[in-house]
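Okay, so here's the structure we're looking at.
The values are calculated or read from the model by the stated rules, or taken from the named source; none is laboratory data. Every value quoted in this text rests on a predicted model; they were computed, and no experiment measured them. Glycine gets a Cβ as well: all are built from the backbone with ideal geometry, and neighbour counts include every protein chain shown. Heavy atoms of the whole protein, side chains included, go into the accessibility calculation; ligands, DNA and RNA do not. Shrake-Rupley method; radii C 1.70, N 1.55, O 1.52, S 1.80 Å.
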Amino acid sequence: MTSTNDIRRGFLDYFEKNGHARVQSAPLVPHNDPTLMFVNAGMVPFKNVFTGLESRPYSTAVSSQKCVRAGGKHNDLDNVGYTARHHTFFEMLGNFSFGDYFKEQAILHAWTLLTKEWGLPADRLTATVYHTDDQAFDLWKKIAGLPEERIIRIATKDNFWAMGSDGPCGPCSEIFYDHGDHIPGGPPGSPDEDGDRFVEIWNLVFMQFLQENDEIVGDLPKPSIDTGMGLERVAAVLQGVTDNYDTDTFKALIAASEALTHTRAEGEQQASHRVIADHLRASGFLVADGVLPANEGRGYVLRRIMRRAMRHAHILGAKDPLMHRLVPSLVSEMGAAFPELVRAQPLIEATLEQEETRFRQTLSNGLRLLDEATASMGEGGTLPGATAFKLYDTYGFPYDLTEDALRARGMSVDRTGFDAAMAEQKAAARAAWKGSGEKASDELWYDLAEEVGATEFTGYNGTEGEGAV
Ligand code: ATP
Ligand code: MG
Ligand code: MG
Ligand code: MG
C-alpha cells in the first residue's frame, strides 16, 4: 500500500521532474490578506503572482498546501464526521502555471500522473467541464480518450472560478473517481451527485479571462493554471478504500483515540472518533502556525474546533483531558513532512490540555444547571429555549450538547425559543458594537466571532476573500 506520505512525495516529485519549482506550504494564517480567515486553497499564497502584482523566479510551481475550511465561503465543519471526504484541515496538492503552460498541458499532466504514474484505471475516471468550454471538452477526448458521456458539461459556478468580483477568472474542469456501483451516488451534475460513489478528486482551473464587477471584460494576457487535489481523497483512491477516514493517517489517529477511550469507532461512536481525529489535525496545525484559542477572530474558530472535539471525547466517556495525549500520534504520522509540528509539539500539548481542563469545568457546571432545570420535568418534557440559551451564553454550553444530554433523559429542547433568544442577543450586541465606532476590519471580525459563536457555528457568509480553486 502506498502511504499518504509517499503519495504527497510522488506528486511533488512528478511535477518537479517536469520543471516545476517545489514550493513549501505557506502557513495557515494568510499573509497580507485580512479578508481571509485561513488559507483554504493551494493558490492562496500565489494570488499576487497570478494578478501580476508579484513576480517569482519561476513560472511553474508545485506544492502541498495546508488548508483549513472551517468558516467563511468554504465551511466544511458540519460535514466532518458525517461525509467520507470532508475535513476541516486537509492538504491540497497543486501544480501552477503563471502564464506558462495552459489547458492542454494541464490536462496532459493530470491524466499522465493519475493513469500512468499512479496506474488508476481510465474507465474509473470522469471529467467535468464548464458547459461552454468546448476546448477543454475536445482536449479530454483527444488526450485521455474519454468517451463523450464521461465528459460532463456543467453550467453552474462549480465549474467557473473567479478570484473575486475583480480579477482573473475562468472555467474549471474537475476529475472524479468512480468507486463503483456498489456505492450509492450518481455522476457529477446528476440529482444524487452528493453520494459517495463519484468522488471529486482534482479541480483544474483555467484562468483565462479578466473580470470587473462580476462581468468578463476581456482575455488575460497570459492565461494561467491553478489546480487543487485533496491529498486525503486521492490517498483513499490509491489505497483502495472509499472513505478518507480509512486511509493510513486517519486509521492511525483513530486507533489512538480508540485505545485511549477504550471504545471502538463503530456505530454511533464512529462520528465521534472521526471528529476527534480531524479536529486534532486542525488544532495541531493551527497552533503550530501561531493561532491560540481566544474569544475572537481566528483564535475563536480554533477554540470552537477544539471544544467540538472535546465534546466528542466526553461523549465517548473520557473522564480526563484526552486530546493532548493524541498529539504524539499526530506528530509521528505527519511530523516528518511538517517539521513545524515537531517544533510546536510541547505547545500544542499544553494548549490542548489547558483548553480541555477548562472545557470540562464548563461542562460540569452546565450539567449541574441542567440537572436543576430538569428536576421537575418528566419524561417527554421540553426544556425552555431561554434556559438552553442561558446554558450556552453564560456557561459556554453548546446547544447540541444540551440536546444530547436531554435526549438521554427522554426530553427535548425548545429550539425555536433558543433561536429567538439568540437572535435577540445578537441584535443587542450588534447595536452596541455599531455604536462603538470601531473600524470596518474589526467589524468584519465581529461578524465572524458572532456567527461562529452560534452553536453549530456555520461561519460567516460575508465578504471573505476568494481562495478556493
Ligand atoms: P467538494 O465539492 O467535495 O466540497 P470542492 O469543490 O469544494 O469539493 P475545491 O474547492 O474544488 O473543492 O478544492 C479542490 C480539491 O480539494 C477538491 O477537489 C478536493 O479534492 C479537495 N477538498 C476540498 N474541500 C475539502 C475538504 N473539506 N476536505 C478534504 N479535501 C477537500
Ligand atoms: Mg466544498
Ligand atoms: Mg465540488
Ligand atoms: Mg471543486
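Values for this structure:
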| item | result |
| --- | --- |
| Residue within the stretch 210-232 that is polar (S, T, N, Q) and within 16 Å of ligand 2 (Cβ to nearest atom) present | yes |
| All positions within the stretch 84-109 that are open to solvent by 20 Å² or more (accessible area, probe 1.4 Å) and more than 8 Å from ligand 1 (Cβ to nearest atom) | 98, 99, 100, 101, 102, 104, 105, 108 |
| Residue match in the stretch 50-68 (condition: aliphatic (A, V, I, L, M), in contact with a Ser or Thr (Cβ under 7 Å, 6 or more places away or on another chain) and modelled with pLDDT under 95) | no |
| The stretch 179-195 - residue that is open to solvent by less than 60 Å² (accessible area, probe 1.4 Å) and within 16 Å of ligand 2 (Cβ to nearest atom) and, of those, nearest to residue 87 (Cα to Cα) | 195 |
| Whichever residue in the stretch 152-166 is of a type in the set (S, T, N, Q) and open to solvent by 20 Å² or more (accessible area, probe 1.4 Å) and, among such residues, is nearest to residue 194 (Cα to Cα) | 156 |
| Strands (runs of 3 or more DSSP E) enclosed by the stretch 163-247 - at least 2 residues per element that are over 20 Å from the mean Cα position of the chain (by Cα) and within 15 Å of ligand 3 (Cβ to nearest atom) | 167-178 |
| Residue count, the stretch 1-36 (criterion: modelled with pLDDT under 95 and hydrophobic (A, V, I, L, M, F, W, C)) | 2 |
| Failed condition for residue 37, given (1) within 15 Å of the chain's Cα centre (by Cα); (2) on the phi > 0 side of the Ramachandran plot | (2) |
| So residue 324, is it open to solvent by 50 Å² or more (accessible area, probe 1.4 Å) and in contact (Cβ under 8 Å) with a residue 24 or more places away in the chain | no |
| Enumeration of residues in the stretch 196-232 that are open to solvent by 40 Å² or more (accessible area, probe 1.4 Å) and closer than 30 Å to residue 265 by Cα | 196, 197, 200 |
| Hey, residue 149 open to solvent by 50 Å² or more (accessible area, probe 1.4 Å) and either among the polar types (S, T, N, Q) or out of contact with any helix residue (DSSP H, G or I) (no Cβ under 9 Å at 6 or more places or on another chain) (or both) or not | yes |
| Among residues of the stretch 41-82, those that are open to solvent by less than 30 Å² (accessible area, probe 1.4 Å) and polar (S, T, N, Q), counted | 4 |
| Yes/no for residue 53 being part of a loop (DSSP other than H, G, I, E, B), without any contact (Cβ under 8 Å) to a residue 40 or more places away in the chain and more than 16 Å from ligand 4 (Cβ to nearest atom) | yes |
| Exclusive hit being touching a helix residue (DSSP H, G or I) at 6+ places or on another chain (Cβ under 9 Å), more than 16 Å from ligand 4 (Cβ to nearest atom), assigned to a strand (DSSP E or B) and in contact (Cβ under 8 Å) with a residue 24 or more places away in the chain, set 25, 64 | 64 |
| Selection within the stretch 119-162 - within 16 Å of ligand 3 (Cβ to nearest atom) and without any contact (Cβ under 8 Å) to a residue 12 or more places away in the chain | 156, 157 |
| Residue 117 being open to solvent by 50 Å² or more (accessible area, probe 1.4 Å), away from ligand 1 (no atom under 16 Å from the Cβ) and in contact with a Leu (Cβ under 7 Å, 6 or more places away or on another chain) | no |
